[in-house]
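S.K.: Below you will find the structure I want to go over with you.
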Amino acid sequence: MARYISQHTLACLTRQGAEQLSQKVRGEQGVAARRVLVNMQEGKMLIEFDAPDREALERWLAKEKFHFDWLLRVELESDKDGKLLSV
């Protein structure tokens, strides 16, 4: 599975609505959220996904009518010492 981060704009969404979205993306099969981060004040959500590939994630987002501002494949991440490791 590859790892992706997406950004979403939340228009007029309550905290409860954001929580429902978080629960929905965590329960999916094939495409699953690892982490959901939300800023209610600015109306933004970041989601860290595991997905087979970008096309599968884009198809799932389109099927769910879940608009994204951008989508980034994560290739490297730092460990606690700052060393970059392959994801």
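Please treat every number below as a calculation from the coordinates, not as lab data. Everything numeric in this text was worked out from a predicted model, so none of it was measured. Neighbour counts are summed over all protein chains in view; Cβ atoms, including those assigned to glycine, are modelled from backbone coordinates with ideal geometry.
S.K.: Relative to the longest principal axis of the C-alpha atoms of the chain, give the angle of the C-alpha long axis of helix 54-63, reported between 0 and 90° and rounded to the nearest 10°.
M.R.: So the helix axis and the longest Cα principal axis differ by about 10 degrees.
S.K.: For a quick protection proxy, order the peptides 68-80, 45-57, 12-24 by their average other-Cβ count within 10 Å, most packed first.
M.R.: 45-57, 12-24, 68-80
S.K.: A further question follows. Quick one: length gained pulling K44 to K63 fully straight, 0.36 nm per residue minus the C-alpha distance?
M.R.: Contour length minus the Cα-Cα distance gives 4.8 nm.
S.K.: Another question, if that's okay. Measure nothing but the geometry: give the 0 to 90° angle between the long axis through the Cα atoms of 15-26 and the longest principal axis through the Cα atoms of the chain, rounded to 10°.
M.R.: 50
S.K.: May I pose another question? Just to verify a number: FRET efficiency for L84 and L37, C-beta to C-beta distance, R0 = 30 Å, to 0.05?
M.R.: Computed FRET efficiency for L84 and L37 comes out at 0.90.
S.K.: Report the extension gain between E75 and T14 in nm, rounded to one decimal, defined as 0.36 nm multiplied by the number of residues separating them, less their alpha carbon distance.
M.R.: Separation in residues times 0.36 nm, less the Cα-Cα distance, equals 18.7 nm.
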